[in-house]
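Just so you know, all these numbers are worked out from the coordinates, no wet-lab data involved. Keep in mind that this is a model prediction, so the values were computed, not measured. All Cβ positions, glycine included, derive from the backbone under ideal geometry; neighbour counts span all protein chains shown.
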């Protein structure tokens, strides 16, 4: 439920960035990885182009590929179920599957995936409809939803000094690039800064 509630922020942020309620909902149904979704609407909301928005979303979504490698042995699936499992491979399902007691990884993965997917999409709809009815969502400060959500997603991940240093380096690069690059590019540059840290891990 807590993860699904972020969908409210995403729905509101998507409408604030200029997407329709239908577009916000389709994005949640098909993309279904919160950080990538927030990155995409954040770039679009800042006036960036579709290419930069998609590139940023893809960069953040690549971590799910690494999760899939780890989950192959814990949640073995074939055929159509494999496509569904790929759609549900996110931070939360990976965390629950890897932390589950022996023999329960599959149950943890599927239960978490189904509940987060359902609640995220319902919350996206509610947030988008609510923001669309406001007329000008910026009046209530909903334009700050994207950076606030990013901070909420990022803070728990900064457990070590190395991760904090990588995050700070990325933030400094992004801040330095803002005056000289179009919207969306600073996020991509910041992402490239942390690649060496990821490779070492």
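The three principal axes of the Cα atoms in segment 159-201 give end-to-end lengths of 31, 16, 11 Å, sorted in falling order.
Once the chain from residue 98 to residue 62 is taken as fully extended at 0.36 nm per residue, the excess over their C-alpha distance is 11.1 nm. Segment 26-87 and segment 162-180 have Cα centres separated by 23 Å. The gain in end-to-end length when the residue 115 to residue 26 segment is fully stretched comes to 30.3 nm, 0.36 nm per residue minus the alpha carbon separation.
Using r as the Cβ-Cβ distance of residue 54 and residue 165, and R0 as 25 Å, what FRET efficiency do you calculate, to the nearest 0.05?
It comes to 0.30.
Highest mobility in the GNM of the chain, judged by mean-square fluctuation with C-alpha springs under 10 Å and restricted to 19, 44, 118, is found for 118.
Go ahead and run the numbers for FRET between residue 80 and residue 192, Cβ-Cβ distance against an R0 of 35 Å, rounding to 0.05. Given R0 = 35 Å and the Cβ-Cβ separation, E is 0.45.
Would you look at the GNM of the chain, springs on alpha carbons closer than 10 Å, and say which of 162, 170, 11 moves the most? Maximum fluctuation in the GNM of the chain, among the listed residues, is at 162. Build a GNM of the chain with springs between Cα atoms under 10 Å apart, and of 107, 160, 98 the one that fluctuates most is 160. In segment 1-157, one over the average inverse separation of all distinct C-alpha pairs is 16.0 Å, which is the Kirkwood hydrodynamic radius.
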